[in-house]
Amino acid sequence: MKLGVNVDHIATLRQVRGTLYPVPSAAAAICQNYGADSIVMHLREDRRHINDNDVLTLKNNITVPFNMEMSVNKEIVAIALKIKPYSVTLVPEKRKELTTEGGLDLVRYYKKVNNALKLCKARNIKVSLFIDPIKKAVDIALAMGVYAVEFNTGRYSETKNEKLRKSIIDKLTKVSDYAKQKGLFVAAGHGLDYDNVKGIASIKSIDELNIGHSIICRAVFCGLGNAVSEMKNKINGVTL
Ligand code: PXP
């Protein structure tokens, strides 16, 4: 199973003090050297962490795929079309949220999502949709012609109730198997950490996990490279 490392919170550290450091693209290079299979940056409309220069310069620092997370906002889509990341993951975005809350509502926002998707596909950018693990959402994503879906693991990560976790894993396994069988690249993420990742990593049909906050937090204690390789080992069943 692959690991995509989200480096948004390297930028958070920079923004809280208005300094020029730490530089997210430099962190991305370290993540790559220690086993990250892709790098994720979310260019938010409010630029609260990652900024335009971060996404512009990232490709000069890494050789692994750059997965740009973004909303369907026109200005942000135009930036993606200009810099041409390997893939984009379309997510819902609210100004006041601490982090992405829930998957895309593909029924309500079909037109907006589909328009952004078409523009990206025309530029040969692969498109993934961040959705809740529901078969209907996978079917809509398939009809839109996506390359990938990313399943929201937020509900799984938030609960400590083992019974509920197990039922979420069972449901996620079914939907993920379905998406895989239909030919999609399957990703999952949100709120995954060193303790809870194993349950999700046990789902064979998931190709990649996208993880940010827990890795950057762990890096404070053991260094970014160690934090990335420790997570990679956890995902692939090597106990340290
Ligand atoms: N996937 C998506 C779509 C996200 O929005 C985020 C948060 O930016 C993540 C994965 C990573 O979540 P976390 O930082 O909780 O690991």
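Take Leu129 and decide whether it is among the aliphatic types (A, V, I, L, M) and over 28 Å from Ala78 (Cβ atoms).
So Leu129 does not fit the description; no.
Looking at the structure I just gave you, is Leu164 without any contact (Cβ under 8 Å) to a residue 40 or more places away in the chain and within 17 Å of Asn210 (Cα to Cα)?
Taking the combined requirement at face value, the residue does not satisfy it.
Which of the helices (runs of 4 or more DSSP H) found entirely inside region 1-89 contain at least 2 residues meeting this: in contact (Cβ under 8 Å) with a residue 24 or more places away in the chain and touching an Asp or Glu at 6+ places or on another chain (Cβ under 9 Å)?
Here the list reads 8-17, 24-33, 74-83.
Quick check on Lys136: is it more than 23 Å from Leu58 (Cα to Cα) and within 15 Å of the ligand (Cβ to nearest atom)?
no
Any idea which residue in region 90-143 is surrounded by the most Cβ atoms within 10 Å (Cβ to Cβ), counting only those that are in a loop (DSSP other than H, G, I, E, B) and in contact with a strand residue (DSSP E or B) (Cβ under 6 Å, 6 or more places away or on another chain)?
Leu104
Being under 30 Å from Arg47 (Cα atoms) and surrounded by 14 or more Cβ atoms within 10 Å (Cβ to Cβ) is true for just one of Tyr178, Tyr86. Which residue is that?
On inspection, the qualifying residue turns out to be Tyr86.
Can you spot a residue in region 160-170 that is outside any helix (DSSP H, G or I), of a type outside the set (A, V, I, L, M) and out of contact with any helix residue (DSSP H, G or I) (no Cβ under 9 Å at 6 or more places or on another chain)?
Yes, because at least one residue in region 160-170 is outside any helix (DSSP H, G or I), of a type outside the set (A, V, I, L, M) and out of contact with any helix residue (DSSP H, G or I) (no Cβ under 9 Å at 6 or more places or on another chain).
Please state which of the following conditions Lys234 fails to meet, knowing it meets all the rest: (1) within 25 Å of Asn161 (Cβ to Cβ); (2) in a helix (DSSP H, G or I); (3) of a type outside the set (S, T, N, Q); (4) free of Cβ contacts under 8 Å to residues at least 12 places away in the same chain.
Checking Lys234 against (1) within 25 Å of Asn161 (Cβ to Cβ); (2) in a helix (DSSP H, G or I); (3) of a type outside the set (S, T, N, Q); (4) free of Cβ contacts under 8 Å to residues at least 12 places away in the same chain, the one that fails is (4).
Answer yes or no: is there a residue in region 212-229 that is outside any helix (DSSP H, G or I) and within 11 Å of the ligand (Cβ to nearest atom).
yes
With the requirement that a residue be within 15 Å of the ligand (Cβ to nearest atom) and farther than 11 Å from Phe66 by Cα, what does region 16-35 give you?
Pro24, Ala27, Cys31
Working carefully through the options Lys180, Lys174, Lys198, find the one that is within 16 Å of the ligand (Cβ to nearest atom), of a type in the set (Lys, Arg) and over 15 Å from the mean Cα position of the chain (by Cα).
Lys198
For region 196-211, name all the residues that are free of Cβ contacts under 8 Å to residues at least 60 places away in the same chain, among the charged types (D, E, K, R) and in a loop (DSSP other than H, G, I, E, B).
Answer for region 196-211, where residues must be free of Cβ contacts under 8 Å to residues at least 60 places away in the same chain, among the charged types (D, E, K, R) and in a loop (DSSP other than H, G, I, E, B): just Lys204.
Looking only at residues in region 183-195 that are over 23 Å from Gly145 (Cβ atoms) and free of Cβ contacts under 8 Å to residues at least 60 places away in the same chain, which one is farthest from the ligand (Cβ to nearest atom)?
Asp195
Only the coordinates and a few stated rules stand behind these numbers; no lab work does. Here the structure is a predicted model, which means the values were calculated and not measured. Neighbour counts run over all protein chains shown; Cβ positions are idealised from the backbone, glycine included.
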